[in-house]
Each structure stands twice: as C-alpha cells, then as structure tokens.
Amino acid sequence: MRVFHLSAECYPVAKVGGLADVVGALPKYQNQLGWQAAVVMPYYERKFVQENEFDIVFAASTLLGTRRLFFEILKEKTDKLGFELFLIRIPGLIDRTEVYQYPDETEQFVAFQIAFLDWISYSQQSPDVIHCHDHHTGLVPFLLQCSRLYTRLANTPTVFTIHNGQYHGAFGWDKLSYLPEIDLSKTGLLDWAGAINPLATAVKCCWRYTTVSPTYLHELSISSNGLEFLFHMESSKGVGILNGIDTAVWNPKTDPMLPAKFDVKTFVKGKQANKQLLCERFNLSPEAPLIVFIGRLVGEKGADLIATAMEESFNEHPGQFNFLALGAGEKENETELIELRDFYPEQCAVFIGYDEPLAHLIYAGADFLLMPSRVEPCGLNQLYSLRYGTVPIVRNTGGLHDSVIDFGDEGGYGIRFNHASVEDICTSVTRAIALYNNTKHLNTLRKLMMGLDFSWDRSANRYITLYESLNPTI
C-alpha cells in the first residue's frame, strides 16, 4: 500500500521544529510495517541536498495564476532515510536555503502543492492515501475534490495532521487566481473569516484530520487562533495520535553524540559521566541538580517566564541547583537569560542558538528538563528526556499531559504543574530539588521512565489502522 507524506519539513533534509522530526520518522516505521511510504517536500539548497545524489524522475510546467512555472521532481537515489524522498524544485521560487519567512511564502507553498498534484496526476500514480502535514499542504484535499484537473484522484483518501493549530497560512482572496481551475460554487470551503485559510480548508475537506496528541485534539476547540468553532463542528473527523520518537536515533546506549553511553542498567554512572563533561564545559558544579531548557525562546514555550522563575528559585534555594538553557527566539527572552547568567555565573549557563550534539549531551547529562509551555500540541523533548533518564518538569497541557504522569500519582515519573506561571515553575523547582536529594527514589523513577515505550512503532500502527478504515480496498 502506498502513502505520500506531503510536508514543508523533514529531518534531516530541512528542520525548523517538531514537524521535521515526525515526517522524518513516521514513514520509516510505516515501511517497516509493510507499507510503501514516501515523503514529498520542497527543494532546499541545504547540506543534505548538497551531500547526496538525486535523480530527476519527472519534469513539467504548471501555472500559478498567469505565471508559467517549470518544475522538477528529484528523488534521492539510495533511500538512505528508510523511505523514498522526493523534492520539488521550481527555479527562482522553490530552490532557496531557508524553509520559511520569505515575502512570497504563499506563492511558494501554493506552487508546491499544485506541482505535487500535477506530478501524481500526469504520471498516472494512484496512491492509497495522501497524508498532508500542516497548513503548507492544506489546499491539497480541496483541490482533489474541487478541481476537474484532478478528477482521477478525487476518491483518494486524505489525512491531514495538525502539528500546530496556531498557524493557518491564510492569504487574501486576491490570490484565488493562483489556484488551478476549480468549481467556483465550492469557494466557501476555502473561506474562514474573510480570507483563504489553508488550515481551515484542510479540516473541512480532508477525510480525517489528526492531531499529534489526544489532549491537543480537544484543546483546538478551545484555543486555535480563531478556528475554535470549526473544530467543534468537525470534531467527528478528528483523531488524536501521540507522536513517537525514533528510538534508533534517540538511544543513550548507541548514541554517537554521547561521550559516555549508558542503558537502563548503567544509567547511574553513565548520566553522571555526561553531566561531569557538560558542567565542565559551562563551569557549573556537577554535584548540584541540573535543570535545563531546550527549545525556542518564545511565548508559546513559556520562555518569557523562565528567567524570572529561575531568579526567584536561585534566591529561594541559594547554591542548591543549577540551570542551563539551550535555544534561540525572541530577543527579549534571550536578553533576560543572558542577564540571568551574568548575575548568577556559578549557577546559570546559556547557549543562544541550536547545536544538535550539545542537545544530546544535555538530555543525557541533565537531571531535569523544564517545559513550561503555554501551547504544546505534542512535544518531543519530554519524550527524549524520558529516554535518557532525565525527569521532565512540564505544564499540564497538550501532549505533555498525555505523556508525563506526576511522580506523586500512581505510576508517575515526572513533575507536572497546571499554570504557565512563575509561581508554578518555582514550586516545581522546589519539588525537583527534594526529589534529587532522595537518590533512591530518583533512580527508581529513572529506571521506570527509561523503560517506557514512546517509540514510533505504536504510533505508526495507529496511523495505518486509520488509513485502512478510510480505504476499503486496502
């Protein structure tokens, strides 16, 4: 059975956030379960493309309004990622280095979707499912239903996964002409709040939509940047499936980025060895509990709360814990953390930017991972931390709710708090320090969390079950 995953990102080709991690792992696990899963994404002039070989498997032209565009479909030769990888290149439009933030981003992603459908249609392919990810691909379910150009594919089941419902990709009706010939009586399916809204369009037109955790499915009808009523109306089509992690990549026993590898039997020595090296690098004491933050320094992640919460906690618990932040984002949040580091140099360290090997070392060497998110559709960082025996400290929202049970509850292993507030973070830090000082209990929890199954095997099976429910011929 054949499924195409259509996405703006895919790790390791191009990554901005968790979308890339999902699209870079799910198809591989689906292939291992007997499907033929492939990824189709825009071409980016990046390291992966430069270092690997591609064949041009298709070339044609298409229209974006009155603009004639030449496009090529490139296929990575060796399927080294565990699935077929196809890139769509449009000279002058989809051949750049960055993924987002170009002034003609609407034109980029509309053209990407049209080129994909033209390729599938012209080459007489008949996929069993087309799986679209986020608003960048949200017009595909509509075009399959409402454009005569793709009548042959109209009965192809479409699944649309919402990785973050806050971003819709909306644009004005003056750009309706970008779309190929459509049934104009169906333009209401494109509309939300007076604009063409690809996310809303996909929810209306896809056969099923999924969210990346069960709790986030319910939260969308409460907070989705203006689409709350739509999600309420279309709730019968929604399915919540918690993301997994690639346990081949995220495995402390084999991780090539770790100076000291370990497993569930050797984590005490292994984590301490990594912590020692991490603390030496940032001039922190390896004897004190180490709380870390890894991620985008933006309001969604609660990053604006961190500096104040850490300062109050440093004052409340002088010399009793250390803090390390790895990330980049809003300048104000970056500045606050740098000032915190300068004022508490013996307890606080900050790395502005992102460094993949350093992130792996932090997961392995830290004692606690802080995620005070206001919005967290799924979250992968807490799953990585569990795999590496690092206790997650999370706000009780979205996928954090679905993957972390408070250690005070039956079967629990993490620390959860209810409000994205300085007060709740400080209370959680106090609990973390107390837990760290109870070595026997902490090691029991670490052994428990490292044995949990958050692999893609389970999640990939759920997606396949969903596909099979939509296509009776499968």
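Just a few scattered comments:
- Restricting segment 408-453 to residues that are assigned to a helix (DSSP H, G or I) and of a type in the set (Gly, Ala, Ser) leaves a set whose member that is surrounded by the fewest Cβ atoms within 10 Å (Cβ to Cβ) is ALA434.
- Some residue of segment 64-79 being among the charged types (D, E, K, R), touching a residue at least 40 places away in the same chain (Cβ under 8 Å) and touching a Phe, Trp or Tyr at 6+ places or on another chain (Cβ under 6 Å): no
- Looking only at residues in segment 386-407 that are in contact with a strand residue (DSSP E or B) (Cβ under 7 Å, 6 or more places away or on another chain) and in a loop (DSSP other than H, G, I, E, B), the one that is farthest from HIS441 (Cα to Cα) is ASN396.
- Residues (surrounded by 21 or more Cβ atoms within 10 Å (Cβ to Cβ), over 18 Å from LEU26 (Cβ atoms) and not aliphatic (A, V, I, L, M)) located in segment 119-144: TRP119, HIS135, GLY138, PRO141, PHE142
- Where strands (runs of 3 or more DSSP E) sit wholly within segment 1-97, those with at least 2 residues that are out of contact with any Lys or Arg (no Cβ under 6 Å at 6 or more places or on another chain) and surrounded by fewer than 20 Cβ atoms within 10 Å (Cβ to Cβ) occupy 54-64, 67-76.
- Residue that is farthest from GLY319 (Cα to Cα) [pool: residues in segment 279-297 that are modelled with pLDDT of 95 or more and within 26 Å of the chain's Cα centre (by Cα)]: LEU297
- For THR97, the requirement of being of a type in the set (S, T, N, Q), in the same structural domain as HIS163 (by TED's automatic domain parsing) and in contact (Cβ under 8 Å) with a residue 60 or more places away in the chain is not met.
- Test result for LYS301, among the basic types (Lys, Arg), modelled with pLDDT of 95 or more, surrounded by 17 or more Cβ atoms within 10 Å (Cβ to Cβ) and under 15 Å from GLY389 (Cβ atoms): no
- PRO180 over 26 Å from LEU400 (Cβ atoms) and within 21 Å of the chain's Cα centre (by Cα): no
- Extreme residue, surrounded by the most Cβ atoms within 10 Å (Cβ to Cβ), among residues of segment 374-407 that are in contact with a helix residue (DSSP H, G or I) (Cβ under 6 Å, 6 or more places away or on another chain) and of a type in the set (D, E, K, R): GLU376
To keep it simple, each residue is scored yes or no on (1) over 24 Å from the mean Cα position of the chain (by Cα); (2) part of a helix (DSSP H, G or I); (3) among the acidic types (Asp, Glu).
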position	(1), (2), (3)
PRO103	no, no, no
VAL110	no, yes, no
ILE114	yes, yes, no
SER126	yes, no, no
ASN155	yes, no, no
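- Filtered by the rule that a residue be part of a helix (DSSP H, G or I) and among the hydroxyl-bearing types (Ser, Thr, Tyr), segment 178-220 gives TYR178, SER185, THR187, THR201, THR215, TYR216.
The values are calculated or read from the model by the stated rules, or taken from the named source; none is laboratory data. Model, not experiment: these values are computed from the prediction. Cβ: placed from backbone, ideal geometry, glycine included. Neighbour counts: every protein chain shown.
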